Amino acid sequence: MEIVVLSGAGLSAESGLKTFRDNGGLWEEYDVYQVATPEAWHANPELVTRFYNQRRKQLFESEPNLAHRLIAKLEAYHSVQVVTQNIDDFHERAGSTRVLHLHGELKKLRSTVDDTLVYEAGHWEVKMGDVCARGSQLRPHIVWFGESVPQMPVAEKMVREADFLLIVGTSLSVYPAAGLAYLARPEANIVLIDPAEVTHDLGEVRHIREKAGAGMQCVYEELSAL
Ligand code: NAD
């Protein structure tokens, strides 16, 4: 069976990373337009760099959780493609081998003059003056609000080919990523894991109202028995 996992910030909440929209989420502390847009970068690269340094430091100090591990373990039984909105690397660290990052990767940096120059951040801290091979300041390898999402066509094809769409920890409110769920074939099973109500218009969806770990335990038991 071809399973596509569409994951969002809620999947990493039990690893200690904050989501954006929940109470206590990142947007309560920061104005997104001051840290996650191209305009923010141009206006105040120091602030943006500091914001992502904090996120990266926390990521280096955190671990994947049970839900990430169970998603990875499903590969023993099925073909599993992860399409994630998350910028952390927990899917990879948990052992998933097919991971598409829609919104970039926190542990990568890239040139501000040449998009093809992408580097691994070996350390959490990026300083002003850290430059690419062509001498320009390194920026986070993140898709900011207002930027295009280059991996969308690849992700769309993956979702269209899925027999089973497993949506975990996303409010389905950040577009275009949220629109992916609507591309599933009518005969595909759709399961949603989220402790909260998620507003959608997807038709027949089985909503498991649990946190990612408990919800994945339930889904893993079912899918590994098929
Ligand atoms: P969101 O914050 O809009 O929604 C998070 C969803 O997760 C909510 O529906 C919430 O009810 C649910 N949730 C909260 N705790 C959960 C848990 N323990 N288990 C399962 N679900 C839980 O996040 P989004 O839909 O991913 O979109 C926001 C954007 O934020 C994305 O573009 C993403 O790139 C970015 N983001 C990423 C990270 C990360 O990489 N870990 C963290 C914060 C934000």
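The values are calculated or read from the model by the stated rules, or taken from the named source; none is laboratory data. Since we're looking at a predicted model, the values are computed, not measured. All Cβ positions, glycine included, derive from the backbone under ideal geometry; neighbour counts span all protein chains shown. Keep in mind that these areas ignore ligands, DNA and RNA; they rest on the heavy atoms of the full protein, side chains included. Shrake-Rupley method; radii C 1.70, N 1.55, O 1.52, S 1.80 Å.
With the crude spin-label approximation of a point 7 Å out along Cα→Cβ, what separation in nm comes out for ALA214 versus MET1?
2.3 nm
If you count only protein heavy atoms and use a 1.4 Å probe, how large is the accessible surface of SER173, to the nearest 10 Å²?
Roll a 1.4 Å probe over it and SER173 shows about 50 Å².
Over the Cα atoms of the chain, each weighted equally, I'd like the Debye log10 I(q)/I(0) at q = 0.09, 0.10, 0.13, 0.14 Å⁻¹, rounded to two decimals.
-0.36, -0.45, -0.76, -0.87
On the Cα set of the range 120-172, report Rg and Dmax in Å, please.
Using the Cα atoms of the range 120-172, the pair Rg, Dmax is 16.8, 48 Å.
With a bin width of 10 angstrom, please list the P(r) values of the range 16-100 as percents of all Cα-Cα pairs, from the 0 bin to the one holding the largest distance.
Computed distribution, short to long bins: 16, 38, 30, 14, 2.
Given the DSSP H assignment, sum -39500 (n - 2.57) over each helix run of at least 4 residues in the chain and divide by its residue total; what's the result at 222 nm in deg cm²/dmol, nearest 500? Write down the numbers at each step before the final one.
On the way: 8 runs with 65 residues, N = 226.
The per-residue figure over the chain is -8000 deg cm²/dmol.
Do you know the relative contact order of the range 52-134, to the nearest whole percent, from alpha carbon pairs under 8 angstrom that are 6+ apart?
Dividing the mean separation by the residue count of the range 52-134 yields 28 percent.
Could you report the chain's accessible area per residue, 1.4 Å probe, as an integer in Å²?
Values: 10880 Å² over 226 residues.
Per-residue value: 48 Å².
Just ALA67, ALA76, ALA155 to compare: in a GNM of the chain, with alpha carbon springs under 10 Å, which one fluctuates most?
ALA76
Net charge near ARG93, counting Lys/Arg +1 and Asp/Glu -1 over other residues with Cβ under 15 Å of its Cβ?
Combined, the nearby Lys, Arg, Asp and Glu give -3.
Cβ under 12 Å from GLU125's Cβ, GLU125 left aside: what net charge do those residues give with Lys, Arg +1 and Asp, Glu -1? Before the final figure, lay out the partial values.
Numbers: positive: ARG50, ARG55, ARG56, LYS57, LYS127; negative: ASP130.
Every neighbour counted, the sum reads +4.
So for the range 93-213, Kirkwood radius off the Cα pairs, Stokes-Einstein at 37 °C and 0.692 mPa s: how many µm² s⁻¹? Present the calculation step by step, with values, prior to reporting the outcome.
Working: Rh = 16.7 Å.
D, rounded to a whole number, is 196 µm²/s.
Please work out whether the range 147-194 counts as rounded, prolate or oblate from its C-alpha gyration tensor, where a ≥ b ≥ c are the square roots of the eigenvalues and a/c under 1.5 means rounded, while otherwise a/b larger than b/c means prolate and anything else oblate?
It comes out oblate by the Cα gyration axes.
Sort CYS132, CYS218 from largest to smallest accessible area, using a 1.4 Å probe on the heavy atoms of the protein chains.
Final ranking, largest accessible area leading: CYS218, CYS132.
Roughly speaking, what % of Cα-Cα pairs in the range 57-105 are separated by over 17 Å, rounded to a whole number?
Distances greater than 17 Å cover 30 percent of the Cα pairs.
Mind pulling up the Rg/Rh value for the range 1-53? Radius of gyration and Kirkwood radius, both on Cα.
1.12
Evaluate the Debye formula for the range 34-148 with equal point scatterers sitting on the alpha carbons, no solvent, and hand back log10 of I(q)/I(0) at q = 0.09, 0.13, 0.18, 0.19 Å⁻¹, in q order, two decimals.
Computed log10 I(q)/I(0) values: -0.27, -0.54, -0.93, -1.00.
Quick one: accessible surface of TYR77, probe radius 1.4 Å, all protein chains present, in square angstrom to the nearest 10.
110 Å²
Give the accessible area for TRP41 in Å² (nearest 10); use a 1.4 Å probe, count only protein heavy atoms, and leave out ligands, DNA and RNA.
30 Å²
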